[in-house]
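In what follows, a structure is listed as structure tokens, so that the remarks can point back to it.
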Amino acid sequence: MAEKLFPNILVIGGTGTQGGNAARELLKHGHRVRVLARNPESLAAKRLEQLGAEIVQGDLREQATLVSAMKDVTALFSAQYSDPNDTSIELRNAYNMVHVAKETGVRQIIHTSVIGSNIFPRWKKSPLLSNLWEIKYEVEEYIRQGGFQYWTILHPSFFMENFAEPLSKYMAPELKQGKLFGVLHPETPIKLNCGEDTARFARGGFENPGKFNAKDINIASEELSMDQVATQLSEKLGRKITYEEVTVEEGVKRGLWEGTAQSHHWMNEVPGFGFDLNETLSFDIPLKSFEQWITENKSSI
């Protein structure tokens, strides 16, 4: 039986995609959830409040606000804000979070990072990606070495949400016109998961901390090529979707983020992100298939 040791969980990043999913999942299963929000009056914060979350004003830039937010909190979910124009922000925020968490007696942290940051040797062909991974890994090390009783680092794969608004504006900018494009080879296998999958792993960690303790967990529910993604989208949406392979330059010109286009090179050369899907499935967390996700999110694709 799952051991629920932590009745009061603070969610950092709760008004974002991953933190929001985590907060909703925890609330749905009866956990006490407190959400840190720079603007407690925001629509995202108000929606979580309506679901039963306690919303507290706070800013990762200011340790004093974190002290009050973490009062009586024994567990913490962390989804850090990443600014591509200033990588020092993520490091500073994570340091502040870990420092205050230790000072206030937080016993457990579950942090969601990025796929690839825990995989060595690193793929060094893109300075942009290498820098991203190094920053993410340094944040992870703050947590691993923080002296907490329990810690878990989650590493989500390619988000299914990349095919839905608002992310599709940058990740699949021509999808509404029936076109997917990228630097990925059409047959390259990529691992996918949705934000709800990450949230389920987080809940599993809070409910059974010993099982998930001191682990880096790569998350994916299935592995598909872009040709297969296009086929499943076509079948579920009832309209033809095709995939086209392009160069980095053309992809960026047509609306892809440069970092996304460069990451496609990595995916081509490290098929499946360098880990076995059975690694994820061994935790017995129920995950969502891409077909199921499409069916549930048709209106935003």
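Here are the numbers for the structure shown:
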{"read-out": "Fraction of accessible area attributable to carbon and sulfur, region 220-301 (%, probe 1.4 Å)", "value": "47 percent"}
{"read-out": "Normalised contact order of the chain, rounded percent, pairs of Cα under 8 Å and 6 or more residues apart", "value": "18 percent"}
{"read-out": "Angle between the chain longest axis and helix 127-144 axis [Cα atoms, degrees, rounded to 10]", "value": "30 degrees"}
{"read-out": "Positive-end residue of Phe158, Ile89, Ser117, charge dipole of region 80-199 with Cβ unit charges", "value": "Ser117"}
{"read-out": "Probe 1.4 Å, accessible area per residue of the chain, Å²", "value": "45 Å²"}
{"read-out": "Subset of Lys125/Lys240; Lys169/Lys215; Lys124/Lys298; Lys71/Lys124; Lys28/Lys71; Lys176/Lys288 violating a 32 Å alpha-carbon distance limit", "value": "Lys125/Lys240; Lys169/Lys215; Lys124/Lys298; Lys71/Lys124"}
{"read-out": "Spread of Cα-to-Cα distances over 5 Å intervals beginning at zero, given as percent, for region 58-152", "value": "3, 13, 25, 23, 18, 10, 6, 3, 1, 0"}
{"read-out": "Ranked packing of 92-104, 45-57, most packed first, by mean Cβ within 10 Å", "value": "92-104, 45-57"}
{"read-out": "Charge tally in the Cβ shell below 15 Å around Glu103, where Lys, Arg are +1 and Asp, Glu are -1, Glu103 excluded", "value": "+1"}
{"read-out": "Farthest positive-ward along the chain dipole, Cα basis, beta-carbon charges - from Gln50, Trp293, Val139", "value": "Gln50"}
{"read-out": "Residue-averaged [θ]222 nm for the chain, counting only DSSP H segments that reach four residues, each worth -39500 (n - 2.57)", "value": "-12000 deg cm²/dmol"}
{"read-out": "Chain lengthening between Gln63 and Ser88 when straightened (0.36 nm per residue, less Cα-Cα)", "value": "7.4 nm"}
{"read-out": "Per-residue HN-Hα couplings for region 48-59 [Karplus 6.51, -1.76, 1.60; θ = phi - 60°; Hz; x = Gly/Pro]", "value": "5, 4, 5, 7, x, 6, 8, 9, 10, 6, x, 9"}
{"read-out": "Inter-site label distance for Gln149 and Asn278 at 7 Å from Cα along Cβ, in nm", "value": "3.5 nm"}
{"read-out": "Local electrostatic count, Thr188, Cβ distance below 12 Å [Lys/Arg +1, Asp/Glu -1]", "value": "-4"}
{"read-out": "Dipole magnitude (debye, nearest 20) for region 148-301, charges at Cβ of Lys, Arg, Asp, Glu", "value": "480 debye"}
{"read-out": "Rounded tilt (10° steps) of 226-237 against the dominant C-alpha axis of the chain", "value": "80 degrees"}
{"read-out": "Charge tally in the Cβ shell below 14 Å around Leu281, where Lys, Arg are +1 and Asp, Glu are -1, Leu281 excluded", "value": "-3"}
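The values are calculated or read from the model by the stated rules, or taken from the named source; none is laboratory data. Since the structure is predicted, the reported quantities are computational estimates derived from the model, not experimental observations. We place every Cβ from the backbone using ideal geometry, glycine too, and count neighbours over all the protein chains shown. Heads up: the accessible areas ignore ligands, DNA and RNA and are worked out on the full protein's heavy atoms, side chains in. Shrake-Rupley method; radii C 1.70, N 1.55, O 1.52, S 1.80 Å.
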